[in-house]
1. For segment 158-195, what are the residues that are part of a loop (DSSP other than H, G, I, E, B) and among the basic types (Lys, Arg)?
2. For residues that are hydrophobic (A, V, I, L, M, F, W, C) and either out of contact with any Lys or Arg (no Cβ under 9 Å at 6 or more places or on another chain) or open to solvent by 10 Å² or more (accessible area, probe 1.4 Å) (or both), tally how many sit in segment 126-136.
3. Any residue at all in segment 83-93 that is part of a helix (DSSP H, G or I), open to solvent by 20 Å² or more (accessible area, probe 1.4 Å) and touching a His at 6+ places or on another chain (Cβ under 6 Å)?
4. Could you count how many residues in segment 177-190 are among the acidic types (Asp, Glu) and open to solvent by 20 Å² or more (accessible area, probe 1.4 Å)?
5. Scan segment 161-170 and tell me whether some residue there is touching a helix residue (DSSP H, G or I) at 6+ places or on another chain (Cβ under 9 Å), surrounded by fewer than 14 Cβ atoms within 10 Å (Cβ to Cβ) and more than 29 Å from GLU107 (Cα to Cα).
6. Quick one: what pairs do we get from segment 173-199, first residue under 14 Å from ASN153 (Cα atoms), second open to solvent by 40 Å² or more (accessible area, probe 1.4 Å), C-beta under 6 Å, 6+ apart or different chains?
7. What do you reckon, is LEU100 of a type in the set (A, V, I, L, M, F, W, C) and modelled with pLDDT under 95?
Amino acid sequence: ALFYSRENCRIHEALLQASDTETNRHDLSVAYESLGLLYFKLRKYDDAQMWYEKALNIRTELFQTRNDRDAASSIAHLHEGIGDLYLRKRDHRSAEDQYLSARKLLERLLHLDETISYRSRYANVTGMLGVVQVHKRQWTKARQYFAESLELNRRLADEVRTPESLRNLSIALNKMGLMESLEQNYSRSAGYYKESLALREQLHHTGQNPDAVFDTALVYYYLAEVTREGIR
């Protein structure tokens, strides 16, 4: 996979050298991003960061001349990916900066068009900002981000009822469950986990997705842990 991804980058670099067009620049940024994602999956985070940033630099330059929604959305997507990378590297300040940049772009996009995709991404990046605050032990900020993410995901799930929206709601419930358990509110934590578990069970029984099986087992684990803490 690495071999073909690198070859893909070399091909697009040659195409750009032969003809410096917006399309060739964008295609090269996509190739760089794909290689960065592969390194991310291999947990080679420094390599992933290098290729993500190469992709981001190209797209940021393109955004100066092609200030449209697709360009803004793709830049926000890269900020989200780089934020995830920094979170894995435990560089919480840098992760927060990346998530805030993504959130700001998505907020601007939402003012133009409140699509389901933009709303979902905005809700989820808000939840990731809460995760950063947990690592920084900023409980009040974490709770605010988690509560906002939960409210937004709940509205979306009520509207569209897609498997993706239900899973995102479940993730947001898990984050609130975590918040409550960190503050030793075990009964309230269990309530969030039980609501999340009901959604995971629903998704588990509507298809043969191995990820759904794992998701369900994971919430059982969270619920078992908080129940154990509550009866100590």
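The values are calculated or read from the model by the stated rules, or taken from the named source; none is laboratory data. Just so you know, these numbers come straight off a predicted model, no measurement behind them. In this analysis, Cβ positions are derived from the backbone assuming ideal geometry, glycine residues included, and neighbour counts consider all displayed protein chains. Ligands, DNA and RNA are stripped out before the accessible areas are found, and what is left, the full protein with its side chains, is counted by its heavy atoms. Shrake-Rupley method; radii C 1.70, N 1.55, O 1.52, S 1.80 Å.
1. Filtering segment 158-195 for residues part of a loop (DSSP other than H, G, I, E, B) gives 161-162, 183-185.
Within segment 158-195, ARG161 is the sole residue that qualifies.
2. The qualifying residues number 3.
3. Within segment 83-93, one or more residues are part of a helix (DSSP H, G or I), open to solvent by 20 Å² or more (accessible area, probe 1.4 Å) and touching a His at 6+ places or on another chain (Cβ under 6 Å).
4. Residues meeting the conditions: 1.
5. no
6. LEU173/TYR192; LEU173/GLU195; MET176/TYR192
7. No.
Results for (1) crowded, with 19+ Cβ neighbours inside 10 Å; (2) not aliphatic (A, V, I, L, M), shown as yes or no for each residue.
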{"position": "LYS175", "(1), (2)": "yes, yes"}
{"position": "TYR192", "(1), (2)": "yes, yes"}
{"position": "GLU201", "(1), (2)": "no, yes"}
{"position": "VAL213", "(1), (2)": "no, no"}
{"position": "THR216", "(1), (2)": "yes, yes"}
